[in-house]
């Protein structure tokens, strides 16, 4: 199959197979049945959006001078990994997404996650959800030495400080603090938007997907 199909067709087959698996789980655990036609259309649309975004990101990256690129992203000290996270929404289309990127100390990409969020929520909560997914990703990849960077200063300051809020957002912060405290070599720091552009681009892609893409 690899020798007979081009890159786009291989991506289409991969996404369709994933959605068949997700469709089965959705039926078993949620008793929701999606027709094969809807599944295939959704998969083809996801692949189309993915390739368009990759082309746009490649074009944008080619326009940036090398010296600017080097300034924007600073590698962590070996053997640490650096994770960038972000969340955004399109107010007109009522879409929300999160984006996560993980690189090693040599700048090599380890993982990229783009995911939609079905319920529109305040920016603070959206960034909290992006950070929670980032923590889960680190656990999935067994990363024990990580620098987590986000451009939501209010979230970063709340997690790193003492939080005594009993609101829904306060409970989210409590959960994040509990998870991070369990890892001595996880550090959460604030970064400027100019150093978080790649995660923001992954976020914009996530808004238009039907399910998480990694």
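For segment 178-193, name all the residues that are outside any strand (DSSP E or B) and under 17 Å from the mean Cα position of the chain (by Cα).
191, 193
The residues of segment 93-111 that are outside any strand (DSSP E or B) and within 15 Å of residue 75 (Cα to Cα), listed by number, are 104, 105, 106, 107, 108.
Residue-by-condition table, conditions (1) over 18 Å from residue 90 (Cα atoms); (2) part of a loop (DSSP other than H, G, I, E, B):
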{"residue": "116", "(1), (2)": "no, no"}
{"residue": "139", "(1), (2)": "yes, no"}
{"residue": "159", "(1), (2)": "yes, no"}
{"residue": "171", "(1), (2)": "yes, no"}
{"residue": "176", "(1), (2)": "yes, no"}
{"residue": "200", "(1), (2)": "no, no"}
{"residue": "208", "(1), (2)": "no, yes"}
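For the structure I just gave you, tell me whether residue 144 is surrounded by fewer than 16 Cβ atoms within 10 Å (Cβ to Cβ), free of Cβ contacts under 8 Å to residues at least 60 places away in the same chain and in the same structural domain as residue 190 (by TED's automatic domain parsing). Spelling it out, residue 144 is indeed surrounded by fewer than 16 Cβ atoms within 10 Å (Cβ to Cβ), free of Cβ contacts under 8 Å to residues at least 60 places away in the same chain and in the same structural domain as residue 190 (by TED's automatic domain parsing).
Take the conditions modelled with pLDDT under 70, more than 30 Å from residue 124 (Cβ to Cβ) and surrounded by fewer than 14 Cβ atoms within 10 Å (Cβ to Cβ) and apply them to residue 5. Does it pass? It is true that residue 5 is modelled with pLDDT under 70, more than 30 Å from residue 124 (Cβ to Cβ) and surrounded by fewer than 14 Cβ atoms within 10 Å (Cβ to Cβ). For segment 49-62, the condition holds for at least one residue, the condition being that it is at pLDDT below 90, surrounded by fewer than 19 Cβ atoms within 10 Å (Cβ to Cβ), assigned by TED's automatic domain parsing to the domain that holds residue 13 and in contact with a strand residue (DSSP E or B) (Cβ under 7 Å, 6 or more places away or on another chain). When residue 117 is tested against (1) within 21 Å of residue 201 (Cβ to Cβ); (2) in contact with a helix residue (DSSP H, G or I) (Cβ under 8 Å, 6 or more places away or on another chain); (3) modelled with pLDDT of 90 or more, exactly one condition is not met: (3).
Based on what the data block shows, is residue 132 in contact (Cβ under 8 Å) with a residue 24 or more places away in the chain, assigned by TED's automatic domain parsing to the domain that holds residue 200 and not in a loop (DSSP other than H, G, I, E, B)? Answer is yes for this residue. Failed condition for residue 91, given (1) at pLDDT below 85; (2) closer than 14 Å to residue 204 by Cα; (3) crowded, with 16+ Cβ neighbours inside 10 Å, with all others met? (3) is the only condition that residue 91 fails.
The values are calculated or read from the model by the stated rules, or taken from the named source; none is laboratory data. Worth saying up front: this structure is predicted, and the values here are computed from it rather than measured. Please note: Cβ atoms are built from the backbone with ideal geometry, for glycine as well, and neighbour counts cover all protein chains shown.
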